[in-house]
1. If you average the alpha carbon positions of segment 174-230 and of segment 286-336, how far apart do those two centres end up, in angstrom?
2. Find the Rg to Rh ratio for segment 89-159, where Rh is the Kirkwood radius over alpha-carbon pairs and Rg uses the same atoms.
3. Which value in Å is the Kirkwood Rh of segment 321-386 over different Cα pairs?
4. Using helices alone, I'd like the mean residue ellipticity at 222 nm for the chain: each DSSP H run of four-plus residues gives -39500 (n - 2.57), total over residue count, nearest 500.
5. Let me check something: with ligands and nucleic acids excluded, how do Leu186, Leu55 order by accessible area (1.4 Å probe), largest to smallest?
6. Scan the chain and report its longest stretch carrying no GluC sites (Glu not before Pro) that are both in a DSSP loop and have at most 15 other Cβ atoms within 10 Å.
7. Among Thr219, Thr334, Thr210, what's the order by accessible area (1.4 angstrom probe), most exposed first?
8. Can you count the Lys pairs in the chain with C-alpha separation below 26 Å, eight or more apart or on different chains?
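The values are calculated or read from the model by the stated rules, or taken from the named source; none is laboratory data. None of the values given here were measured: they were computed from a predicted structure. Cβ placement follows ideal geometry from the backbone for every residue including glycine, while neighbour counts extend to all protein chains displayed. Calculation scope for accessible area: heavy atoms of the full protein, side chains included, ligands and nucleic acids excluded. Shrake-Rupley method; radii C 1.70, N 1.55, O 1.52, S 1.80 Å.
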Amino acid sequence: MAALVACPLGQALPAANWVEEGSHRWHSLEVAPGGSPGFKRLDPSMTGIRFSNQLDVEKSLQNQVYLNGSGVALADVDSDGRCDIYLCGLDGPNHLYLNRGDWKFEEVAGVYGIDCAGRDSTGAALADLDGDGDPDLIVNTIHSGTLLFRNDGDGFTAVRDEAAGLASARGGMSLALADIDADGRLDIYVAHYRDTTLMDMPNTHFNFRTVQGRRVISTVDGVPVEGSRFENRFRLNERGGIEENGLPDMLYRNLGQFRFERNIVGGRQFMTAKGTPMPGALLEWGLSVMFRDINRDGKPDIYVCNDFDGHDRLWLNVGGGQFREASSLALRKTSMFSMGVDFADINRDGLDDFIVVDMLNTRHRTRKNQMVPRLQYKPVPGRYNDRPQWMYNTLLLNRGFGLFSEIAHYAGLPASDWSWGSVFIDVDLDGLAQKQMEGTFIGNGGHFGEVVQICLDVGGHPCPYLCTDRILVAVEV
C-alpha cells in the first residue's frame, strides 16, 4: 500500500458511484463537454498563493547543496474534501495553503505550527502514519533532520522519535512511503545527499598514512579521521585523488504510535543480487526515491536515483521488510546524474516501465559546453554486465522476467536540459499516459528557470512519433 493522494484542487470531490473489484474500486471519469486539453495559469491575486522559494546568493555560494531545491506535498489536511498544498522553502518558512474552493487558498502554516522557519526544508510528504484517517506531515531538511508532525484533525503537533534518529539525520532530500511489510502501517524511505560538500570547504588540508600497503587519509584539517565527523566521508580513488562520499539512505519501519525502527540502507535489511549481506552502508548521493511494485508480486519495491557516479539502486522486496538488489542484467544502463523517476505502463502490456531524468541539454551546441562526467565508460569486449552510466535520460521498457530495455533515444526523450523530476500524466484524458518533465536549468548568467516538456502519446508507440506534439516552456522563478 503506497501513500497516494489524488483529489482536484479547485473543488470538493463530487459524489460518485464506485465499482468494487477485488482489492480496488473505480468509477467512470466525467469530462465536461466543450473543453479542450491544456492548462491555464492562475494569477496569485486570484488564488492567494504567493510563495516563492528564494535563495540568497551568498547562502548558495557557501553551500552548494542548497541548489538542489525544495519540494511540495498535497493532501486534504482538514478533511473538507478539497486538496491543500504544502510548499517547502530553503531561505524562508514553509507554506501551507488551505483550499477554500473555487481556486481560493489561505496560508496557515504558521498558525498550524508547521512553517519550519529556519530549517532549510527540502522534500515533504503528507500521509497517514498513524491510521487515524488524517494525513500527517513529514519534512526533510538539510541540517535539522527529518521532522514529523501528527495531524489530529484540528491541527498538527510536532513528534520526536529520538530512538530512530530522525531528528539527527542530515542531508535528507526526497522521501517515499509504502507499507513494506504488510502490517497496515506506512513505512518511510529517505534519500540522503549531504549537508555540506568538499566544494564548499576551500583550502582543506589532508594528511595520509599507509595501512597494510594501502594509502589512506589520516587527518582532515588536523582532525583525525577515525571517530570524527570525517570518518567514511572521504576516500582515495585509483589515481590517488580525493573523492567525497554521500550519506547513507534510511528506511524507517513504522512500529505504530509514531515509533520507527531505523534501518541503514546497506545494513541487515538489504542484500546483494545473490542474496548475500551487503558489505556495509551505501555512501551514495541520493536525490529521489519511489516505491512501486515492479515485479507484480504484491510487495512495494524501491527505485533510488543517485547523483554522480554512484549507481542507481533497484531494490526488490522479498518480504519481512527485507530487500534484495535486482540483477545487474535487469538494467543494462542507467543515467549518470539521476535526479527524478516515475513509472507508468507506456505500451499497455500490463508491465510497469519507468523514466529517469538527467541533465543533457537539448541543443547540440550547448552540449559541447557541458561538463564531461568524471568517469568515462570504456567498453571491454566480452563484458556485458557492468551497467554503464550515461549523462542522458533513460527510459526503461519492461520486457518481463525482471528485464528492462533502455529506449530513450528510440523514443526521442534522451535530453530535457537540467531536469529535476518527471511525472507520467494523461493531460488530454485520452487514456494514454504522457510524460511531463519539470526541471531546473542554469542558463547564461546563472538564471534559474523551469522547463516543462510534454510529449503526447499517440497510441502507446515509442520512437519519434511518440512526440508528435511537444510543448517547451521556460519561465523564470
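1. 21
2. We get a ratio of 0.97 for segment 89-159.
3. Computed over Cα pairs of segment 321-386, the Kirkwood hydrodynamic radius comes out at 15.3 Å.
4. Helices in the chain give a 222 nm mean residue ellipticity of -1000 deg cm²/dmol.
5. Listed by decreasing accessible area, they come as Leu55, Leu186.
6. Segment 239-477 is the longest.
7. Greatest to least solvent exposure: Thr210, Thr219, Thr334.
8. Qualifying lysine pairs in the chain: 11.
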